[in-house]
Amino acid sequence: SRNVVGKMRDLVWSIDSRSDTLQDLVDKMNKKMAILLGPKGIGYKLDIKDLPLDKTIPVITRQQLFLIFNEAITNVVRHSNACEMTVAMYNTKSSFEMIIKDNGNASSQSTIKSTGFGLRNIQMRAAKIKATIEVERIDGFEVRLTMPRL
């Protein structure tokens, strides 16, 4: 029941217009990492570069970015055997990128491939915000989202 309540809180947050800035998204991501990764002993870092944190972003963009992030870090907790995870978010000249990378081992990552639902959900959510997803399984597991600049 706690899991369901947590998911409902995340959903309510994602549609709450009072939480509409990039800073609100960053704050929510930090809290989620502390809740999911901290108790598992997985070290984490959120690296933000060149982002206008006070910028208002559309609800659908904020919602889908958070849900993609949430799915990716949930996969880290469930499948990777990682001890470290990094989330990097930044604007380039023409795009926004969010990279979620862990240092888990390859044998545990095969579990992610066998279920497939998490990655399919991530790809479906990315399509809703005109983003692309690339996944790499070299020296850990990496999910790279690229979309128009924020």
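Among the residues making up the range 76-87, those that are in contact with a Gly (Cβ under 9 Å, 6 or more places away or on another chain) and either open to solvent by less than 10 Å² (accessible area, probe 1.4 Å) or of a type in the set (Lys, Arg) (or both) are 76, 78, 80, 85.
For the range 98-150, the candidate set comprises residues that are of a type in the set (S, T, N, Q) and assigned to a loop (DSSP other than H, G, I, E, B); within that set, the residue that is modelled with the highest pLDDT is 103.
Quick check on residue 42: is it among the aliphatic types (A, V, I, L, M), under 20 Å from residue 23 (Cα atoms) and either in contact with a strand residue (DSSP E or B) (Cβ under 6 Å, 6 or more places away or on another chain) or buried (at least 21 other Cβ atoms within 10 Å of the Cβ) (or both)? Outline the logic, then answer.
Values: among the aliphatic types (A, V, I, L, M): yes; under 20 Å from residue 23 (Cα atoms): no; either in contact with a strand residue (DSSP E or B) (Cβ under 6 Å, 6 or more places away or on another chain) or buried (at least 21 other Cβ atoms within 10 Å of the Cβ) (or both): yes.
Spelling it out, it is not the case that residue 42 is among the aliphatic types (A, V, I, L, M), under 20 Å from residue 23 (Cα atoms) and either in contact with a strand residue (DSSP E or B) (Cβ under 6 Å, 6 or more places away or on another chain) or buried (at least 21 other Cβ atoms within 10 Å of the Cβ) (or both).
Checked against the criteria, residue 137 does not count as under 23 Å from residue 28 (Cβ atoms) and of a type in the set (D, E, K, R). Listed by first and then second residue, the pairs with beta-carbon distance under 9 Å, at least 6 apart or on different chains, first residue in the range 56-76 and without any contact (Cβ under 8 Å) to a residue 60 or more places away in the chain and farther than 17 Å from residue 88 by Cα, second crowded, with 18+ Cβ neighbours inside 10 Å and among the charged types (D, E, K, R), are 63/125.
The values are calculated or read from the model by the stated rules, or taken from the named source; none is laboratory data. This is a predicted model, so every value here is computed, not measured. All Cβ positions, glycine included, derive from the backbone under ideal geometry; neighbour counts span all protein chains shown. Quick note on the areas: whole protein, heavy atoms, side chains included, nothing else; ligands and nucleic acids left out. Shrake-Rupley method; radii C 1.70, N 1.55, O 1.52, S 1.80 Å.
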